[in-house]
Amino acid sequence: MSKRDELEKSFKENLSEKIIPDGFIKVTDNPVQGLTSDQKVILNRKANAMFNNGNVEDARRIFITTGYSDGLTRVGDYYNNKNESLKALKAYWLAHNKRDSEPILADIAKVISTLINE
């Protein structure tokens, strides 16, 4: 296994074990269990309105609470477009969106690999 593969595997394992550096705190990847479907719909509509009005952080917190993966993916896209890769990665990871999280993980692995090889 190459160094890059080892680093990428280690990084993914650390994320799954919730060993994440300060400033990138993972709260949960499971929605709150006590919410009914109706409550989730109401909260997600409120969060969508917040997101559309530019209140991304409050929308993100609600999407995490409800486990709304589409909302979390949109939050990830927002941060990715602003070149805030770690925030984007967190949102994608919580949304279980491998398609969008894996390129960021690969970039991080490249940086770490470069640092090790220097």
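The values are calculated or read from the model by the stated rules, or taken from the named source; none is laboratory data. Because the structure is a prediction, the values reported are computed rather than measured. Positions of Cβ are backbone-derived with ideal geometry, glycine not excepted, and every protein chain shown enters the neighbour counts. Please note that ligands, DNA and RNA were not included when accessible areas were found on the heavy atoms of the full protein model with its side chains. Shrake-Rupley method; radii C 1.70, N 1.55, O 1.52, S 1.80 Å.
A few comments on the model shown:
- Once the 1.4 Å probe is applied to the protein heavy atoms, region 60-108 comes out at 50 Å² accessible per residue.
- Hz values of 3J(HN,Hα) by residue in region 90-102 - Karplus curve (6.51, -1.76, 1.60), Gly and Pro given as x: 4, 5, 4, 5, 5, 7, 6, 9, 5, 4, 8, 7, 4
- Förster radius 30 Å - calculated FRET efficiency between E102 and A49, Cβ distance, rounded to 0.05: 0.45
- Segments 37-43, 66-72 sorted - mean Cβ within 10 Å per residue, highest first: 66-72, 37-43
- Of the whole protein surface, T65 contributes about 50 Å² of accessible area at a 1.4 Å probe radius.
- Highest mean first, the peptides 81-91, 106-116 sorted by other C-beta atoms within 10 Å per residue fall in the order 81-91, 106-116.
- Using a Förster distance of 30 Å, the FRET efficiency for S69-L115 (Cβ separation, nearest 0.05): 0.40
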